[in-house]
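Down below is the structure, laid out as structure tokens.
The values are calculated or read from the model by the stated rules, or taken from the named source; none is laboratory data. Computed from a predicted structure; not experimentally measured. Heads up, the Cβs are rebuilt from the backbone with ideal geometry, glycines too, and the neighbour counts pull from every protein chain shown.
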């Protein structure tokens with residue numbers, strides 16, 4: 001049931017918008033920076049920031065603001081209460097042990113994927129990731145696996161709202177190219193992305209479904225292209241992911 005506007009707290013909405021704005025700005029952002037990013041007046045942003053500082057969620061030198069370590073409690077509260085990361089983590093670790101490669105799980109949040117669990121291998125990758133990291137959905141295998149599970153209408157709305165950035169010379173950015181890549185992932189049941197997020201990085205991902213068949217997350221393996229050729233991907237990496245996804249389907253209630 002959708003709540004009535006009169007039942008909503010505008011101050012809370014603005015405060016959360018300011019917290020999210022920190023995620024897209026450099027450290028030491030000004031009131032003007034945060035107000036512009038959050039889409040509110042400077043006066044409103046100032047009140048939100050002073051409240052966050054008084055509660056210990058932000059710090060300031062009088063001109064510049066940044067979130068304090070206390071802000072980690074907000075994400076930590078979700079991780080502590082959510083069952084999905086805990087169910088997925090053992091499977092990620094099993095995939096890492098079977099393949100020797102890093103394995104991650106993520107969910108879709110707007111134009112991005114958000115990492116909810118990760119098992120890292122001892123290798124130097126082109127990107128540094130941790131739980132809570134965000135990456136663009138349009139050029140990641142995790143994102144395409146998640147998008148492939150959307151109804152067509154929801155997918156078209158997602159693509160229409162994108163302003164995709166080319167992170168490498170290989171990144172697909174046009175609506176038709178993204179649509180084609182997602183359709184291929186839907187047909188195959190998995191997504192492969194070659195050097196679209198970072199040069200030298202190849203990733204394969206599969207949807208994670210619950211007991212009723214609903215997509216609740218996606219899992220991927222990311223590896224250097226020199227270690228993840230077609231034969232390795234099809235014979236070792238993809239089977240390990242699919243096996244983990246099957247095991248999770250039996251353990252995630254619908």
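Checking residue 165 against (1) assigned to a loop (DSSP other than H, G, I, E, B); (2) within 20 Å of residue 233 (Cβ to Cβ), which single condition isn't satisfied?
Of everything listed in (1) assigned to a loop (DSSP other than H, G, I, E, B); (2) within 20 Å of residue 233 (Cβ to Cβ), residue 165 misses just condition (2).
Could you say whether any residue in region 145-156 is closer than 21 Å to residue 91 by Cβ and not in a helix (DSSP H, G or I)?
Yes; the residues of region 145-156 include at least one that is closer than 21 Å to residue 91 by Cβ and not in a helix (DSSP H, G or I).
Looking only at region 130-144, decide whether some residue is surrounded by fewer than 14 Cβ atoms within 10 Å (Cβ to Cβ) and within 24 Å of residue 101 (Cβ to Cβ).
Yes, that holds for at least one residue.
Every residue in region 26-55 that is buried (at least 16 other Cβ atoms within 10 Å of the Cβ) and in a loop (DSSP other than H, G, I, E, B), please.
Listed by number, the list holds a single entry, 40.
Give region 210-231 a look and list any residue that's in contact with a helix residue (DSSP H, G or I) (Cβ under 9 Å, 6 or more places away or on another chain) and over 19 Å from residue 140 (Cα atoms), or say none.
210, 211, 213
Would you be able to say whether some residue in region 182-197 is out of contact with any strand residue (DSSP E or B) (no Cβ under 9 Å at 6 or more places or on another chain), crowded, with 16+ Cβ neighbours inside 10 Å and in a helix (DSSP H, G or I)?
yes
Assuming residue 88 fulfils every condition listed in (1) farther than 26 Å from residue 154 by Cβ; (2) assigned by TED's automatic domain parsing to the domain that holds residue 227; (3) in contact with a strand residue (DSSP E or B) (Cβ under 8 Å, 6 or more places away or on another chain); (4) at pLDDT 90 or above apart from one, which condition is it?
In the conditions (1) farther than 26 Å from residue 154 by Cβ; (2) assigned by TED's automatic domain parsing to the domain that holds residue 227; (3) in contact with a strand residue (DSSP E or B) (Cβ under 8 Å, 6 or more places away or on another chain); (4) at pLDDT 90 or above, residue 88 misses (1) alone.
Condition first: at pLDDT below 90 and part of a helix (DSSP H, G or I). Can you find one or more residues in region 208-231 that meet it?
Checking region 208-231: at least one residue is at pLDDT below 90 and part of a helix (DSSP H, G or I).
If I ask for residues that are in a helix (DSSP H, G or I) and under 19 Å from residue 228 (Cβ atoms), which ones from region 85-120 would you list?
Residues satisfying the conditions are 92, 94, 95, 96, 97, 98, 99.
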